[in-house]
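The values are calculated or read from the model by the stated rules, or taken from the named source; none is laboratory data. This is a predicted model, so every value here is computed, not measured. Note that each Cβ is placed from the backbone with ideal geometry, even for glycine, and that neighbours are counted across all protein chains shown. Ligands, DNA and RNA are stripped out before the accessible areas are found, and what is left, the full protein with its side chains, is counted by its heavy atoms. Shrake-Rupley method; radii C 1.70, N 1.55, O 1.52, S 1.80 Å.
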Amino acid sequence: MRGVLFDGKRIEVVDDLEVREPGPGEVRVAISAAGLCHSDLSVVDGTIPFPVPVVLGHEGAGVVEAVGEGVGHVGPGDHVALSTLANCGACADCDRGRPTMCRKAVGRPQKPFSRGGRPVYQFASNSAFAERTVVKAVQAVRIPDDIPLTSAALIGCGVLTGVGAVLNRARVDRGDSVLVIGTGGIGLNVIQGARIAGASRIVAVDANPAKEAMARRFGATDFLNSVDGVRELLPYGVDHAFECVGRVELVRAAVDSLDRHGQAVLLGMPAAGAEASFVVASMFLDKSVLGCRYGSSRPQHDIPLYADLYRQGRLFLDELVTETYPIEDFEKAVEDAEAGRVARGVLTF
């Protein structure tokens, strides 16, 4: 079968991958569509260290082909969106409704694939850039059949992370002010999460002026090309600032933009050893810096919620899909993503 393989030196689309049958508590999914997320490229450039060879991809949707023993919530023929959380469901954090904190959710990388008889790693417990993948049952979330799979694919990472950061981690309230630094796939979902939450002022910042129209379509009330202009719009600062780029100077800018009792939420992925700084005294007015993993999401709860919001017309998914590419055009999809020409490019099988 076809898939996108990274061997540590180069990426290539191969056609001789194999995937094993699902075991107990597992599901095999035929992938229909998968979003190209910056995290996939971060494996290639070394920002996210990961063993190789590995099948990339972690934002996908498809149709269940087979289930292992003990799986009852999905069956063959069901449409599913995939999450990256291979949480155990039995630890204290899972019991408290915090699956992103489950220590087994980011455990030892598995090898459900093989090529030429040699095992191949799975990225983010998912590997959606393959015609088929095997995941833990908890990662497969059933969605209505009337949601296009090219759109549903984006729920599993960009939407869970961006919208989840707003609703679950920051808990943005009606009337709050929000700053969103970076309007790529994650930033746009933060913007629409803030709109859904009822924020009264949503300031989007991106160095690319061509992104203004999309940011405003998703709910931004203001658009700036630099964080330097935020205080001109909101002299006291903002209630919530989301850094969605992964640059330490922008982390500092997010902190500096806060009003009293404000909170900066870090979503961008800098290099593993990157350090950011801020003036400690500036934090004493009840300000906070919050890390956020995967939108503090509960996929089995949140994905059906977002699917329902989509069907109500309140959550935008179709609008996120700027371009679709057959898997053979992976290099073109990467070029467009790196050039900022797409909100999200989606690979199709």
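Which chymotrypsin sites (Phe, Trp or Tyr not before Pro) from region 199-266 combine a DSSP loop assignment with at most 15 other Cβ atoms within 10 Å? If you can, show how the numbers build up before the last one.
Details: sites: Phe218, Phe223, Tyr236, Phe242; in loops: Tyr236.
Sparse-neighbourhood loop chymotrypsin sites (Phe, Trp or Tyr not before Pro): Tyr236.
Note on His261: accessible area is roughly 130 Å² with a 1.4 Å probe, heavy atoms of protein only.
Near Glu335, within a Cβ-to-Cβ distance under 12 Å, what is the net charge of the other residues, with Lys and Arg +1 and Asp and Glu -1? The answer is -3.
Restricting the trypsin sites (Lys or Arg not before Pro) of region 118-217 to loop positions (DSSP other than H, G, I, E, B) with no more than 15 neighbouring Cβ atoms within 10 Å leaves Arg171, Arg174.
Using just the helices of the chain, give the 222 nm mean residue ellipticity in deg cm²/dmol: DSSP H runs with n ≥ 4 each add -39,500 (n - 2.57), and the total is spread over all residues, rounded to 500.
Details: 10 runs with 78 residues, N = 349.
Mean residue ellipticity at 222 nm (helix-derived): -6000 deg cm²/dmol.
From largest to smallest, the equivalent ellipsoid semi-axes obtained for the chain from the alpha-carbon gyration tensor read 34, 21, 20 Å. For region 179-270, a simple Cβ point-charge model (Lys and Arg +1, Asp and Glu -1, everything else neutral) yields a dipole of about 240 debye relative to the Cα centre. The heavy atoms of Glu335 offer some 100 square angstrom of accessible surface to a 1.4 angstrom probe.
Using θ = phi - 60° in the Karplus curve 6.51 cos²θ - 1.76 cosθ + 1.60, the 3J(HN,Hα) couplings for region 213-226 round to 4, 5, 4, 5, 4, 7, x, 5, 8, 9, 9, 10, 8, 8 Hz; x is entered for Gly and Pro. Amide H to amide H distances under 5 Å link Val120 with Phe113, Ser114, Arg115, where only residues 5 or more positions off or on other chains count and H is placed in the peptide plane. Under the criterion of Cα pairs below 8 Å and six or more residues apart, the relative contact order for the chain equals 18 percent.
Its Cα centre serving as origin, region 115-273 has a Cβ charge dipole (Lys and Arg +1, Asp and Glu -1) of approximately 580 debye. Build a GNM of the chain with springs between Cα atoms under 10 Å: which of Val64, Val29, Val55 gets the top mean-square fluctuation? Looking only at Val64, Val29, Val55, the biggest GNM fluctuation is shown by Val64.
Using only the Cα atoms of region 29-173, build the gyration tensor, take square roots of its eigenvalues as a ≥ b ≥ c, and label the shape rounded, prolate or oblate: rounded if a/c is under 1.5, else prolate if a/b is larger than b/c, else oblate.
On the way: a/c = 1.28, a/b = 1.12, b/c = 1.14.
Rounded shape, in that the Cα axes give a/c under 1.5.
Per residue, the accessible area of the chain comes to 43 Å² when a 1.4 Å probe rolls over the protein heavy atoms.
Residue by residue through region 90-98, what is 3J(HN,Hα) from phi via Karplus (6.51 cos²θ - 1.76 cosθ + 1.60, θ = phi - 60°)? Round to whole Hz and write x for glycine and proline. Residue by residue, region 90-98 yields 10, 7, 4, 5, 4, 5, 8, x, 10 Hz. The candidates Thr133, Thr322, arranged from most to least accessible area with a 1.4 Å probe in the full protein assembly, appear as Thr322, Thr133. Which is farthest toward the positive dipole end of the chain among Cys94, Leu233, Gly345, measuring Cα position about the Cα centre, with Cβ charges +1 (Lys, Arg) and -1 (Asp, Glu)? The listed residue farthest towards the positive side: Cys94.
GNM remark for the chain: springs join alpha carbons under 10 Å apart, and the peak mean-square fluctuation among Ser127, Ser288, Ser257 falls on Ser288. When the residues Ser125, Ser200 are ordered by accessible surface, computed with a 1.4 Å probe over the protein chains alone, the sequence from largest down reads Ser200, Ser125.
How large is the dipole of the chain about the Cα centre if only Lys and Arg carry +1 and Asp and Glu carry -1, each at its Cβ, rounded to the nearest 20 debye?
Values: 36 positive and 43 negative charges, 185 e Å.
That gives a dipole near 880 debye.
Working note: Karplus 6.51/-1.76/1.60 with θ = phi - 60° gives region 67-80 the couplings 10, x, 4, x, 8, x, 7, 9, x, x, x, 6, 7, 9 Hz, where Gly and Pro are set to x.
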